[in-house]
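To start, the structure itself, in C-alpha cells.
The values are calculated or read from the model by the stated rules, or taken from the named source; none is laboratory data. Because the structure is a prediction, the values reported are computed rather than measured. Quick reminder, even Gly has a Cβ in these numbers, built from the backbone with ideal geometry, and neighbours come from all protein chains shown.
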Amino acid sequence: MGPKSYGQGCMGWSTSPRPDRRAARRGTLHDRQGLSLADPTDYPERRLGLQRDDGFLEVRFERHDRTRPVHVAHRAPCRMLFPRQEPDEPLLGVFITTSGGTAGGDVLRVSIEASRGATATVTSQAAEKIYPSLGAPSCLSLKLRVEEGAELEWLPQETILFDSARLERRVELDVAPGGSLLALDLVVFGRLARGERFTAGALHDVWRLRRGGRLTWADALGLSGDVAAQIASPAGFGGATAAGLLLLVADDAAAWVDEARARLSRGSSRAGVTLVGGALVARALGAEPAHVRRDLAELVSWLRAARSGHPARMPRFWSI
C-alpha cells in the first residue's frame, strides 16, 4: 500500500523507517518516522532552486537514579538544549530551530519518548514562526510517546502564522495506560504587533491520540482559500486571532474536568472543556493572543501543581 496523503499532499505515511536520499533527489522524502513528502516539483521554491531545511529531532528519556536523556539525535535546524535542572522541577528540555522559523518546502520532524518512570518537561525557546510561502507548504511532524508510569509535559510557545504561510502539521500522541501527557498548543493568526493578519495561505492540522495502541481521539482542521472569511465566520473561529488547545491524557483526567472548566470560565477567552476518549480537552479562542496564552498558562500551572506536585508556573523560558 502506498503512502497516504492529506491536506495539500505535503505529508502522509509510508513504511520507510529512515530517510531515503535517492528518493529525496527524486522529490519524495521519507523521514525517520515513516513520513513522506509528496513530489514538490511543481512548487516555485523547487523551480527557483531555493535551499530548504530537512531537519529532525529524536529524544528518549529514561529513569535510572533520575530522569536522563539517553538518546538524542538531531539534524539542523532542530536541536534540544538541557539547561540546569531546578531542584523542584522535572528535567527540562528546550526545543529550538536554529533557522528561527520554517519556510515553504521545509520539513521538520520531532519524536520524543518518555520511558517507564521518566518525568520530563519540553518547551521551546521562542515562538515558532511560519513564514510566507511561494506555494510549497511547511511540513511539521510531531510524535510524542509516553510509556506506563512516565510523565511528559509538552509545553511549547505559540506558533505564529505569517500572512500567506502554508502549514501542514501532523501530531501523533501515544500514551500507555498508567502514563501521563500534558500537551499545549497555541496558534496565532498573523503578526498582530505589525498589524498583519493571516488572510491568505493554508493550515492543515491533524491530531491523533492513541491509548494503549487504540485510537481514542482524532481532530483535523483545514483552512485554505479565503482564510480571512473562514476565521471571521461564526462557524469558524468567530474572528479570533488566536486559538489554543490543552490536552491532559491520563487515567485520572476525568477528575479534573469540572475544575478546569470553572477556571477557564473566569478568563478572558471563549473557552470550553470536555472529556473525550478519557482525555481532558480544553480549547480557547480570543481576540488577543496574550489573553489565550495567559488563560491556558494559568490552567497548565494549576494542573502541574495539583496533579504532579510541580511548581504552579510555566517553564521559565515562557517569561524570557
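Gly222: crowded, with 17+ Cβ neighbours inside 10 Å and either at pLDDT 95 or above or of a type outside the set (A, V, I, L, M) (or both), yes or no?
no
Looking at (1) of a type in the set (Gly, Ala, Ser); (2) modelled with pLDDT under 95; (3) part of a strand (DSSP E or B), which one does Ala183 not meet, given that it meets all the others?
(2)
What number of residues within segment 301-316 are surrounded by fewer than 17 Cβ atoms within 10 Å (Cβ to Cβ), over 19 Å from Gln157 (Cα atoms) and either touching a Lys or Arg at 6+ places or on another chain (Cβ under 6 Å) or in contact (Cβ under 8 Å) with a residue 40 or more places away in the chain (or both)?
Number of matching residues: 2.
State yes or no: is Val300 in a helix (DSSP H, G or I) and either modelled with pLDDT of 95 or more or touching a His at 6+ places or on another chain (Cβ under 6 Å) (or both)?
yes
Could you go through segment 116-133 and let me know if any residue there is out of contact with any strand residue (DSSP E or B) (no Cβ under 7 Å at 6 or more places or on another chain) and closer than 20 Å to Gly201 by Cα.
The answer is no, given that none of the residues of segment 116-133 is out of contact with any strand residue (DSSP E or B) (no Cβ under 7 Å at 6 or more places or on another chain) and closer than 20 Å to Gly201 by Cα.
Might you check whether a residue that is in contact (Cβ under 8 Å) with a residue 24 or more places away in the chain, buried (at least 18 other Cβ atoms within 10 Å of the Cβ) and within 28 Å of Ala306 (Cα to Cα) occurs anywhere in segment 194-203?
no
Can you name every residue in segment 93-131 that is among the basic types (Lys, Arg) and over 14 Å from the mean Cα position of the chain (by Cα)?
Arg116
If the Cβ limit is 9 Å and pairs must be 6+ apart or interchain, which residue in segment 79-96 that is free of Cβ contacts under 8 Å to residues at least 60 places away in the same chain and closer than 18 Å to Glu62 by Cα pairs with which residue that is assigned to a loop (DSSP other than H, G, I, E, B) and of a type in the set (Phe, Trp, Tyr)?
Close Cβ pairs satisfying both conditions: Leu91/Phe82; Gly93/Phe82.
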